[in-house]
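A quick write-up on the structure given underneath.
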Amino acid sequence: MTRIGILGGGFGGLYTALELGRYLWPTPPEITLVDRQERFVFLPLLYEVVTGEMEDWEVAPRFTELLAASAQPNTPIRFRQAEVAHLDLAGRRVIFQDGNPLDYDILVVALGGDPPLTRVAGAEQFAFPFRQLADAQRLRAALPQWQQGDPQTPIRLAITGAGASGVELACKLADRLGERAAIRLIEMGSQILPGFGEASRQAASQALQQRQIHLELQTQVLSIQSNSIQTQTQSETGYPQIRQEAVDGVIWTAGWQVVPMIRDLPVAKNERQRLVVDATLRLPDYPEVFAIGDSAAVQDADGKIVPASAQAAFQQADYCAWNVWATATQSRPLLPFRYYPLGEMLSLGTDTAVLSGLGLTLTGSLGYLARRATYLARMPTFDHQLKVGWHWMAKPLLTEWQRWVRSS
């Protein structure tokens, strides 16, 4: 029996596991999916948990439920909640923090990354990270606390990073908090949304201006305290300007770093410590080990540098599953990965979004609906798609019925 281990249950790891469960196997393998959390997080919709637009179970279903709903009778997939402490590549063994091992014949490393909070003084203690369901729940719980007191007093929030997460979260919070929102969006670079197309950046810039979100470019966060943030901005004169300003909360969305276990592996890595893989997504020195998602530095078969994004991990999972199956069965050749940019989507508030791709750009409520429909189709299992889709249709009807009952 072939033992297949998958480390990490994000888009790369979970979707690889689900795809492996759909293949025909001469002899059923033993597939184990490992993650330190008990729930998969559909990251592009995590903002909606903060604003109450979506419920926890919609955005973060449990791994056990997803795997049980999708499992084929001859290819069960086990879930193991654990944190990886050490990876013995030569011995083909994973050691977890509790000391227990997982032996493998084929391994997929899809561990993703963590917020780099240790790089800024006070960030780990005082900032709100934004990557897991618990992060969104903590931020959601803080909103009513910030709204207490004088309704004329601004709620001062700073968001670090003007990438997709920072821009989307800033717009969502501005709509959620209304006129009291005083939001600063802090970016080290010279523009928002690096790597995005001009149409997306223009729509995002307009959304930030409409919500009076103060954008601070070429600005570095120096330290964070319980009620203040210190920043340094590169001025036009060439001299940095250092400021210490009061805040009610700091939300960290800037950057990421690989998990310590990956940094410690004695294999080739790029300057960001991501694992270097060949076009088939394998480690050159360990062909039984595949790496995808944020863990891997991927250059596809056409020589393109693949971005660290959910869209890329989603596509890598299909290739990775095929190549794992081909390796295990030795019945087909491995396929070199080819990345196809399918467009960009951004939520720009509680009822508007921008979708750009294939020569088409949709904004406003139409973009919002198109984004919702696209993400619904990308949810991990058909069973979960049905549950979420039905809830989206039923929720407005239930709200209207409750309103009618109260007015009767």
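How much area per residue is accessible in segment 1-132 when the probe is 1.4 Å and only protein heavy atoms are counted (Å²)? Intermediate results must be reported in sequence, preceding the final value.
On the way: 5320 Å² over 132 residues.
On a per-residue basis, segment 1-132 sits at 40 Å².
Skipping prolines and chain starts, which residues have an amide H placed within reach, meaning under 5 Å, of the one on Leu215, given they are 5 or more residues away or on another chain?
Under 5 Å from the amide H of Leu215: Leu185.
If you roll a 1.4 Å probe over the heavy atoms of the protein chains, what accessible area per residue do you get for segment 155-278, in Å²? Walk me through the numbers on the way to the answer.
Values: 5790 Å² over 124 residues.
Normalised by residue count, the accessible surface of segment 155-278 is 47 Å².
Residues with beta-carbon under 10 Å from that of Thr350, excluding Thr350: net charge, scoring Lys, Arg +1 and Asp, Glu -1? Please report the intermediate quantities before stating the final value.
Details: positive: Lys172, Arg176; negative: Glu48, Glu53, Asp175, Asp351.
Overall, the nearby charge balance is -2.
Under the 0.36 nm per residue contour assumption, what length would be gained going from the current alpha-carbon distance of Thr118 and Met1 to full extension? Walk me through the numbers before you get to the answer.
On the way: separation 117, 0.36 × 117 = 42.12 nm, distance 4.25 nm.
Extra length available between Thr118 and Met1 comes to 37.9 nm.
Calculate the FRET efficiency for Asp318 and Gln234 from the Cβ-Cβ distance with a Förster distance of 45 Å, rounded to the nearest 0.05. Walk me through the numbers on the way to the answer.
Details: r = 43 Å, r/R0 = 0.95.
Calculated value: 0.60.
Which value in deg cm²/dmol, rounded to the nearest 500, describes the helix-derived mean residue ellipticity at 222 nm for the chain, given -39,500 (n - 2.57) per DSSP H run of n ≥ 4 and division by the residue count? Could the numbers behind the result be given before it?
Values: 12 runs with 139 residues, N = 408.
Dividing the helical sum by the residues of the chain leaves -10500 deg cm²/dmol.
How large, in percent, is the carbon and sulfur part of the accessible surface of segment 122-223 at a probe radius of 1.4 Å?
45
What does the net charge come to around Val50 if you take all other residues with beta carbon closer than 14 Å to its beta carbon, with K and R at +1 and D and E at -1?
Working: positive: Arg131, Arg138, Arg140, Lys172, Arg176; negative: Glu48, Glu53, Glu55, Asp56, Glu58, Asp135, Glu168, Asp175.
The answer is -3.
What whole-number distance in Å separates the alpha-carbon centres of segment 260-279 and segment 131-189?
34
Report the Cα centroid-to-centroid distance between segment 93-127 and segment 202-216 in angstrom, as an integer.
What the calculation gives is 35 Å, centre to centre.
Using 1/(1 + (r/R0)^6) with R0 = 41 angstrom and r between the beta carbons of Asp264 and Asn74, what's the FRET efficiency to the nearest 0.05? Walk me through the numbers before you get to the answer.
Working: r = 37 Å, r/R0 = 0.90.
Taking R0 as 41 Å, the efficiency between Asp264 and Asn74 is 0.65.
Just to be sure I follow the rule: in the chain, considering lysines 8 or more places apart or on different chains, how many pairs have Cα atoms under 29 Å apart?
4
Just to confirm a number: summing +1 for Lys and Arg and -1 for Asp and Glu over residues other than Gln385 whose beta-carbon lies under 14 angstrom from that of Gln385, what do you get? All intermediate terms of the calculation are to be shown ahead of the outcome.
On the way: positive: Arg372, Arg378, Lys387; negative: Glu58, Glu65, Asp383.
Residues close to Gln385 contribute a combined charge of 0.
Give the longest segment of the chain that steers clear of GluC sites (Glu not before Pro) in DSSP loops with at most 16 neighbouring Cβ atoms within 10 Å, not counting the sites themselves.
Working: sites that count: Glu38, Glu55, Glu83, Glu236, Glu271.
With a cap of 16 other Cβ atoms within 10 Å, the longest stretch comes to 84-235.
Give me the percent of accessible area attributable to carbon and sulfur for segment 13-65, probe 1.4 angstrom. Please report the intermediate quantities before stating the final value.
Values: 870 of 1760 Å².
Ligands and nucleic acids excluded, carbon and sulfur give 50 percent.
Using amide H atoms built in the peptide plane, which far-off residues or other-chain residues are under 5 Å from Thr352 H to H?
Excluding prolines and chain starts, which carry no amide H, there are no hits.
Which residues' amide hydrogens lie under 5 Å from the amide hydrogen of Trp256, considering only partners 5 or more residues apart or on another chain, with H built in the peptide plane?
none
Tabulate in residue order the Karplus-calculated ³J(HN,Hα) for segment 173-185, using 6.51 cos²θ - 1.76 cosθ + 1.60 with θ = phi - 60°, rounded to whole Hz; enter x for Gly and Pro.
After applying 6.51 cos²θ - 1.76 cosθ + 1.60, I find 5, 4, 5, 5, 8, x, 5, 7, 5, 10, 10, 10, 10 Hz.
Dividing the convex hull volume of the Cα atoms of segment 133-268 by its residue count, what figure in Å³ per residue is obtained?
Values: hull volume 22.1 nm³, N = 136.
Roughly 162 Å³ of hull volume per residue.
Taking the Cβ-Cβ separation of Arg62 and Gln210 as r and a Förster radius of 22 Å, what is the calculated FRET efficiency to the nearest 0.05? If you can, show how the numbers build up before the last one.
Numbers: r = 38 Å, r/R0 = 1.72.
Given R0 = 22 Å and the Cβ-Cβ separation, E is 0.05.
Quote the charge dipole size of segment 113-163 about the Cα centre in Debye, to the nearest 20; the model charges only the Cβ of Lys and Arg (+1) and of Asp and Glu (-1). Show your work: numbers first, answer last.
Numbers: 5 positive and 4 negative charges, 12 e Å.
Value, rounded to 20: 60 debye.
Full-extension gain between Asp302 and Arg378, please, as 0.36 nm times their residue separation minus the C-alpha to C-alpha distance. Intermediate results must be reported in sequence, preceding the final value.
Working: separation 76, 0.36 × 76 = 27.36 nm, distance 2.53 nm.
Value of the extension gain: 24.8 nm.
In sequence order, what are the phi-derived ³J(HN,Hα) couplings for segment 113-130 according to the Karplus relation 6.51 cos²θ - 1.76 cosθ + 1.60 with θ = phi - 60°, rounded to whole Hz, with x for glycine and proline?
x, 10, x, x, 5, 6, 7, 10, 4, x, 5, 5, 8, 10, 7, 8, x, 9
The values are calculated or read from the model by the stated rules, or taken from the named source; none is laboratory data. None of these values were measured; they are calculated from a predicted model. Positions of Cβ are backbone-derived with ideal geometry, glycine not excepted, and every protein chain shown enters the neighbour counts. The accessibility values were calculated without ligands, DNA or RNA, using every heavy atom of the protein model including side chains. Shrake-Rupley method; radii C 1.70, N 1.55, O 1.52, S 1.80 Å.
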